[in-house]
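None of the figures in this text is laboratory data; all of them are computed from the coordinates on show. The shown structure was predicted, so the numbers you read here are calculated from the model rather than taken from an experiment. Glycine also receives a Cβ, built like all others from the backbone with ideal geometry; neighbour counts cover every protein chain displayed.
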């Protein structure tokens, strides 16, 4: 009994129908799979229904160039899920979906805002099939409101939410924005946490619900104090580069020896400042009266930054990081992916890279959930204990075992291009 | 507006939030879903009370907008959890709690964890989540970190910034996106772990101990960077206003007639050329994208044609204000948006209709300020809300300790010992 108890997963018994694509939706269902839900990705081969991420580089080397099963990013974001094919543009496909929904607790989708209704598969129709259903819809700007029908990807939502504007060097430089779809990641997190909160409510009330999450609102949620501060001061949110709005200085990324190698240094207290001065040693600028107090350092930050950069430039970034850290100064090498994969002893020691088997490309490392648990089995390989599913890999499980279709019925559905 | 559907999803869940500001965003998100979050901040108050901006002319820990933003919906108790005289009171609070969140440096948190483990032995339903820079073990465990250094080490900065010079060298630094994003990412994962743990507890009756690493959380949030290295041993390079990539791509950011920017996200397909040509014609902006010479160019020199097409998009954007371009482009099905200041969304009828923002009273100002409060709707109304503004320092100390069973004399003794 104790053994059984230990192995129960947080979302045991929760089946998730996954109609998501690219990153935001799949990240949501990835979290649910990691927590032990049975996530079933339903995909189809045509342009509208296929997850384009299956075609995106990087890909596992060798093999068939045209294969839909070799994308590394797809594998990373869809680990731990089951995969089946289903053609929702055919009435039989839509009927099969309803039968699956009847046996599930959650449905996640991130089609364009009105697509599911066009198919007659909106929340109203599906909750009639299963009143306990939690329906998670993820869109760029939201399903309700005046932008219903507007289309978006992560970068679009980042622009609208203010996140693009807020990242970068001060004007007149243009915004740098985020160099990837940050809101695809975070919207997935919010989607999954709201689903898990809704599951708690479902356990209590027996009722499911519809949730319409928008990436732009997730972006707004992560703008910190910007929105209330703009109202308070009656001014537009400024862009500060790597500098702090506080009197913390120096505070930024400084060049080190080597091409495009940098160290981030964050001096927040007088102790940090004294320790930095001790590390720099006798250089006259370090003792300059213009840098004597926090307020003065802030007022003369341009000069301070250029002096510090001239000093850091001759140092190896890791060596300097270690020296500054020994003196208690927050400092870190600005790491790229190679650094994190090859040099970062912490990520290695904590089991950050999890080797998982994939049915076509073999075993590849997948990024782990960033916490260790005492008792709960939280595994990025999910129930199937593997990387992402090949397209249609689990048709037999879904249609024969789950829906109880006969081999003949399955063969007919395949011939008719339904599955 | 009816009651937001998920604003009571965690009703009945009591959270003790201990430690520094690193865990505050997690408590905030739990509070928005109806948890009773008690911020045990000590007599000096949370560090975030000493981070600006302030709603008063002079810095005042009672009026930090930073504290307010990260502590909406919580109650404040000034219990000094590490003070020997506070041990009993802390244990009594913990005996009524479902979750303890403890954010801070690993050594401090690990010391308190010994006590949490004892409480868990007595009451296995308790869920504990520590939020530390690197987790509670490993060779980097005790490095001193801030939000900036996390974004550096976790890989976010190396993907964000500006185009290199033509020879490929960078003369601008990697950029850390503003506003404690490392802590946001970490706390979002903490809430994922905690909502999972609450579900686990429903099944098993057992809580758990969750050891969350901010560094790992940030590192997982860099999209294609890690897979590109794992599969191709290649790096992505940062570019202005668009995705870092192995090879240079064409710009997305375009300057507009009102000195603003739009983000003109493109797949560079034929469909986009047709609708953009149409959009330019409708707006009266001259172009040659329908001309025979452009078609010839596209056939004979796709890369030159691409550059010309890109220049035409620049011309279109330079002719119109950002908001007009946003709506015209969306009407054509293009995935474009204006680059807004976050506060511009306050007056947007779309977000007003969705109830994205919640006005929070600020008595010291005599007026409310609106804060982002919900990331979605139930089809009409927002799904989450904050039940109260951020607390004054110690506003709920007596009330909470009394509810935990301490009598007035005991509370007075705590005060005399400077434990509250």
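Brief remarks follow.
- The Rg/Rh ratio of the protein assembly as shown, with both radii computed over alpha carbons and Rh defined as the Kirkwood radius, is 0.96.
- Spin-label zone in the range A:54-98 - amide nitrogen under 12 Å from a point set 7 Å from the Cα of residue A:119 along the C-beta vector: A:85-98
- Average partner coverage of B:347-360, which counts Cβ from other chains inside 10 Å: 5
- B:280, A:196, B:153 arranged by Cβ crowding within 10 Å, fewest neighbours leading: B:280, A:196, B:153
- Taking A:231, A:158, A:137 in turn, the Gaussian network model of chain A (Cα-Cα springs below 10 Å) assigns the largest fluctuation to A:231.
- Residues B:308, A:185, sorted so that the one with the fewest Cβ neighbours within 10 Å comes first: B:308, A:185
- Relative contact order for the range A:251-341: 42 percent, from Cα pairs under 8 Å spaced at least 6 residues apart, divided by residue count.
- The range A:99-218: Rg to Rh, with Rh as the Kirkwood radius over Cα pairs: 1.07
- Between residue B:268 and residue B:87, the modelled label-to-label distance comes to 6.7 nm, taking each label 7 Å out from Cα in the direction of the beta carbon.
- Relative to the dominant Cα principal axis of chain A, helix A:301-312 is inclined by about 90°.
- The modelled label-to-label distance for the pair residue A:342/residue A:417, using points 7 Å beyond Cα in the direction of Cβ, is 4.7 nm.
- On Cα atoms only, tilt of A:91-102 relative to the major axis of chain A in degrees: 70
- Ellipticity at 222 nm from helices only: DSSP H runs of n ≥ 4 in chain A, each -39500 (n - 2.57), divided by the residue count, give -10000 deg cm²/dmol.
- Exposure proxy order (Cβ contacts within 10 Å, fewest to most) of A:251, A:287: A:287, A:251
- Cα point-scatterer Debye curve for the range A:143-274, base-10 log of I(q)/I(0) at q = 0.12, 0.18 Å⁻¹: -0.68, -1.13
- Taking the C-alpha atoms of the range B:47-131, convex hull volume expressed per residue in Å³: 113
- With a cut-off of 11 Å on the backbone N, the residues of the range A:359-386 near the modelled label site 7 Å out from residue A:397 along Cα-Cβ are A:382-386.
- Translational D in µm²/s for the range A:251-341 (Stokes-Einstein at 37 °C, 0.692 mPa s, Kirkwood Rh from C-alpha pairs): 245
- Just checking the listed ones, A:320, A:11, A:68: in the Gaussian network model of chain A with Cα springs under 10 Å, the one fluctuating most is A:320.
- Principal-axis analysis of the Cα atoms of chain A puts helix A:182-205 at an angle of about 50° to the longest axis.
- Relative contact order (%) - criterion: Cα under 8 Å, at least six apart; region: chain A: 22
- The alpha carbons of the range B:311-420 give a radius of gyration and a Dmax of 24.0, 77 Å, in that order.
- Computed [θ] at 222 nm, deg cm²/dmol, chain B (DSSP H ≥ 4; -39,500 (n - 2.57); rounded to nearest 500): -11500 deg cm²/dmol
- Hull shadow area, averaged, chain A [alpha-carbon convex hull, nm²]: 25.6
- Relative contact order of the range A:240-288: 24 percent, from C-alpha pairs under 8 Å at least 6 residues apart in sequence.
- Taking label positions 7 Å along the Cα-Cβ direction at both residue B:315 and residue B:278, the computed distance is 2.0 nm, reported to one decimal.
- Per-selection metrics, chain B (Cα): Rg and Dmax in Å: 26.0, 91
- Computed FRET value (nearest 0.05) for residue B:407 with residue B:171, which takes r as the C-beta separation and R₀ as 41 Å: 0.05
- Residues of the range A:214-240 with amide N under 20 Å of the 7 Å Cα→Cβ point at residue B:365: A:220-239
- Alpha carbon Rg of the range A:1-144, scaled by the compact-globule rule 2.2 N^0.38 Å: 1.10
- Candidates B:120, B:398, B:247: whichever shows maximal mean-square fluctuation once chain B is modelled as a Gaussian network with Cα springs under 10 Å: B:247
- Within 10 Å of the Cβ of each residue in B:239-247, the mean number of Cβ atoms contributed by other protein chains is 5.
- In this structure, residue A:289 and residue A:326 have a Cβ-Cβ separation that, at R0 = 25 Å, corresponds to a calculated FRET efficiency of about 0.35.
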